[in-house]
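Structure first, commentary second.
The values are calculated or read from the model by the stated rules, or taken from the named source; none is laboratory data. On a predicted model such as this, the values are computed, not experimentally measured, just so you know. Please note: Cβ atoms are built from the backbone with ideal geometry, for glycine as well, and neighbour counts cover all protein chains shown. Calculation scope for accessible area: heavy atoms of the full protein, side chains included, ligands and nucleic acids excluded. Shrake-Rupley method; radii C 1.70, N 1.55, O 1.52, S 1.80 Å.
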Amino acid sequence: MYRKTKMASAVRGALLLMLPLAASTVRAADAIDEIVVVGITPGAAASQSLDKVPHAVQTALAEDLADAATLDVSDYLNSRLASVSINSAQNNPLQADVQYRGFTASPLLGLPQGLAVYQNGVRINEPLGDAVNWDLVPESAVHQMDLIGGANPLFGLNTLGGALALTMKNGFNFAGNQAEVSAGSWGRTTATVESGANNGTWGYYANYSHFDEEGWRDLSDSDARSFYGAVSWRDGNRSALDLAVQEGDSQLIGNGALPIGMVAIDRSSIFTAPDITENDVTMVDLNGRHRVTSTLAFSGNLFNRENRTYSFNGDGSEFELCNFAGGAQALLEEDDDLEDRLENDLAIELDDICDGEDDGITSFADLEELIEEAADAAGLDDDLYEPEDISGELSGTGILSDEAINNISRRRQRSTGFGGQFEWTEALFGRSNQLIGGYSWFRGQSAFNAVTELAGLDPVTRSTQNLGTGSFIDDAATDIRTETETYSIYFSNTLDLNDQLALTLSGRYNDTDVTLRDRSGQRRELNGDHSFSRFNPAIGLTWNPDDELTMFGSYSESNRVPTPIELACNEGVFEVARQFAIEDGEDPDDIDFECRLPNAFLADPPLDDVVTRSFEGGMRMALGGVRYELGWFAATNEDDILFQTTGRSTGLFANVDETQRWGLEFSFSGSAGPLEWYASFSHIEATFEDDFDVLSPNHPAANADGELSVQAGDRIPGIPENIIKVGGDWRIVQNALVGVEVIHNSNQVMRGDESNQLDTVDAYTLVNLRGSYTFAERFTAFARVTNVFDEDYENFGLLGENPDEIVGGLADNRPYFLGVGAPRAAWLGLKARF
């Protein structure tokens with residue numbers, strides 16, 4: 001009852017805000033006469049008039065992206081499109097978690113992903129964890145972007161909440177030469193150069209873009225560059241070939257969320273540093289199509305994409321003093337000569353450290369001093385036995401440190417595949433009909449290597465940079481290879497039942513094998529082979545009583561197979577590892593039951609694949625110069641996969657029986673004289689629909705086992721219930737434009753508070769401004785100001801460990817970490833066309 005009342009109130013408020021603006025515009029504007037065509041499969045070969053599409057679609061063209069002056073694709077999605085919000089978990093502008101209808105596309109490895117992202121028909125979700133690296137998507141080379149709502153089976157695996165399809169520029173949809181530069185706050189500079197042309201048969205397109213900034217937070221400089229090029233061939237309207245090449249690299253520093261106590265002192269500060277991600281991508285794709293007759297056409301694509309990622313993450317130490325005392329003691333017991341020459345009470349003191357009985361040994365420095373004194377008392381030569389040698393059983397070589405660790409990983413991910421498709425538009429039963437059928441093959445291969453190094457921590461910057469000790473924790477090392485292979489066949493048929501009503505039936509069958517192999521020779525529990533297969537159907541109806549109104553409804557299903565990282569990090573692992581320990585004559589109670597992301601894996605007993613069943617309905621209307629889009633959606637996830645933290649960045653994955661996302665969407669846009677405007681309101685209810693226990697040991701209400709009790713109806717963390725976006729462009733004179741955008745997100749639950757018992761992350765409202773002035777016909781000066789009123793806001797929250805371990809003396813030392821929003825900033829730029 002409470003939820004329904006709250007939702008109705010929010011809807012009424014949004015309508016009151018938007019309808020007066022819409023009404024005033026209806027009177028002043030002319031009717032819209034435009035046919036919108038959108039892609040209905042991952043490639044651009046098959047398209048359909050929007051009035052026959054039975055689900056929500058939001059489209060942006062190259063000129064829309066350029067006019068918005070946003071930084072990248074994720075920035076545009078957040079600024080302009082309905083039901084989209086972002087979480088700044090990494091706190092780098094090119095590493096946002098994008099949420100659409102409560103489903104995620106994020107660069108964070110291990111975060112459950114629910115959106116499929118395609119570039120020229122190539123799925124660019126990375127193979128290891130379905131992550132999406134926004135820094136590798138060249139926004140300035142995008143020709144058209146379609147955000148498709150619902151569990152659309154035609155877009156393959158991972159399309160739980162929707163799909164984002166990017167069609168890139170070529171020499172036939174872009175002609176001319178253009179250069180753009182900008183500079184401003186935080187030392188940010190950007191530059192783009194692009195050129196395209198064709199002679200009717202051959203065409204080319206080339207784009208180079210560069211980004212560099214110091215960042216608004218401490219120690220957060222980043223840079224990225226990208227080249228995208230295409231060579232195209234056309235034989236009139238019958239045949240086409242496009243060969244595209246992309247090469248890009250980036251070095252991004254995102255120093256993550258900040259403890260609430262530090263937020264109150266200095267929002268630009270950092271907790272621990274650095275958190276470096278370096279990407280290096282190369283992609284080649286070939287797309288072709290051929291029209292055999294006026295009603296039959298074939299198309300296909302072939303691609304290879306490789307991304308090499310290096311990660312360096314400095315963090316507080318998670319290793320306890322007694323671990324290393326035990327290592328030192330074990331070495332003493334193995335070396336009879338050393339044990340005889342050292343005082344016997346040394347071994348006793350080492351044992352007491354783990355029992356908590358020796359109050360005098362509270363740090364690794366104390367432990368080193370104890371060992372050193374014992375060695376001196378025994379008259380040992382310093383060159384013969386150093387303290388680090390005695391404790392080297394667990395730490396490798398080098399000095400001990402209780403302060404910090406460096407998590408270092410390297411990932412090489414390669415995606416290869418091909419697909420073919422036909423489109424047949426012959427009339428059926430005397431009625432217009434479009435039949436599409438196709439197949440695809442995809443192979444994703446990953447090599448993952450990770451180590452954990454003991455490190456010192458700079459007391460001023462809290463950075464571990466250049467403070468590694470050379471000591472590595474052997475048990476935390478990982479060397480694994482994975483392969484995911486998927487075969488798919490799909491179809492879609494749209495039949496006009498009469499002049500107003502069209503029926504669409506579609507479906508896709510996916511068969512996927514996931515293989516994991518340990519390459520270290522010490523983690524055999526990681527090895528596994530898994531198979532998943534499923535047919536996902538969809539049905540939809542559109543009704544067009546006149547040319548200005550489309551009403552639609554649909555039901556669809558899609559699924560997501562567990563990623564290799566999820567299969568390697570889940571609860572059933574414990575029993576497998578225990579069984580191997582027993583077989584090897586080891587103590588099974590010594591098995592470490594957690595997964596360090598992205599730096600360690602456990603074994604891989606099966607998880608179930610996630611199945612989403614989605615209902616959607618709504619209307620699209622163009623009346624008096626105003627476009628109206630009203631709709632609702634309801635998506636239920638069966639066997640959803642949830643990451644459960646065991647503390648800091650460690651944790652495991654487990655299936656949750658059922659989760660749900662449902663909501664309402666209202667969008668309006670139009671023009672009135674020199675003003676073009678838009679407004680949207682989205683209400684999203686994202687909830688758990690089962691009672692279950694979840695790990696969250698840092699939660700103040702957690703029980704002795706570190707668990708919380710989640711009740712059906714509790715909100716899923718990280719998703720605002722209400723999103724409002726209002727904006728417009730006012731053409732002051734013919735060559736001068738001023739624009740504004742307002743973004744409001746309501747509060748959200750922190751990750752780790754799945755039981756909804758703590759304070760939420762506050763709602764916030766941002767106002768951004770932009771302007772442009774064209775002179776001498778070929779030159780445009782532009783400016784953009786974000787967070788005009790310099791609001792202090794946060795768009796992300798999670799529970800971590802007590803920050804006093806790293807930063808003492810905070811007035812508020814609750815383990816609440818917030819993704820702080822950027823302060824006011826401004827940039828100036830110049831664009832030249834020649």
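List of remarks:
- The residues neighbouring Asn406, those whose beta-carbon lies less than 10 Å from its own, together hold a net charge of -2 under the Lys/Arg +1, Asp/Glu -1 convention.
- Alpha-carbon gyration tensor eigenvalues x 5, square-rooted, for segment 62-102, Å: 18, 13, 6
- Whole-Hz couplings from phi, Karplus 6.51/-1.76/1.60, listed for segment 761-769; x for Gly and Pro: 6, 5, 5, 8, 10, 10, 10, 10, 10
- Taking amide H positions as modeled 1.01 Å from N, with prolines and chain starts lacking one, the residues under 5 Å from Ala89 and 5 or more places away or on another chain are Asp97.
- When each of the peptides 708-718, 269-279 is scored by how many other beta carbons lie within 10 Å of its residues on average, the order from highest to lowest is 269-279, 708-718.
- Rounded percent of accessible protein surface that carbon and sulfur make up, segment 410-499, 1.4 Å probe: 54 percent
- Multiplying each eigenvalue of the alpha-carbon gyration tensor of segment 633-787 by 5 and taking the square root yields semi-axes of 44, 18, 13 Å, largest first, rounded to whole angstroms.
- Ranking by accessible area, most exposed first, for His143, His55 with a 1.4 Å probe: His143, His55
- Label point distance in nm, Asn237-Tyr773, each placed 7 Å from Cα along Cα→Cβ: 4.5 nm
- Surrounding net charge for Ala776, when Lys and Arg each add one and Asp and Glu each subtract one, Cβ distance under 14 Å: +2
- Mean separation of Cα pairs under 8 Å and 6 or more residues apart, divided by the residue count, gives segment 750-834 a relative contact order of 34 percent.
- Contour excess over end-to-end distance, with Cα ends at Ala175 and Arg431 and 0.36 nm allotted per residue: 88.3 nm
- For segment 699-824, the spread of Cα positions along the three principal axes, ordered from largest to smallest, is 71, 38, 21 Å.
- Segment 613-733 - percent of accessible surface contributed by carbon and sulfur, probe 1.4 Å: 53 percent
- Euclidean distance of C-alpha centroids, segment 235-289 and segment 84-150, integer Å: 10 Å
- Residue-by-residue Karplus 3J(HN,Hα) for segment 448-456, coefficients 6.51, -1.76, 1.60, Hz, glycine and proline x: 10, 10, 8, 9, 10, 10, 5, 8, x
- Every Cα-Cα pair of segment 137-230 was included, and the share exceeding 22 Å stands at 49 percent.
- Summed over the residues of segment 691-834 and divided among them, the accessible surface reaches 44 Å² per residue at a probe radius of 1.4 Å.
- Against the criterion of solvent-accessible heavy-atom surface with a 1.4 angstrom probe, Ile806, Ile723 sort, most first, into Ile806, Ile723.
- Near Tyr628, the amide H atoms lying under 5 Å from its own belong to Met621, Ala622, Leu623; only residues 5 or more places off or on other chains count, and H is placed 1.01 Å from N.
- Gln757 versus Val788: modelled label distance in nm, points set 7 Å from Cα along the beta carbon direction: 4.4 nm
- With a cut-off of 9 Å between beta carbons, the residues surrounding Gly248 carry a summed charge of -3, where Lys and Arg count +1 and Asp and Glu -1.
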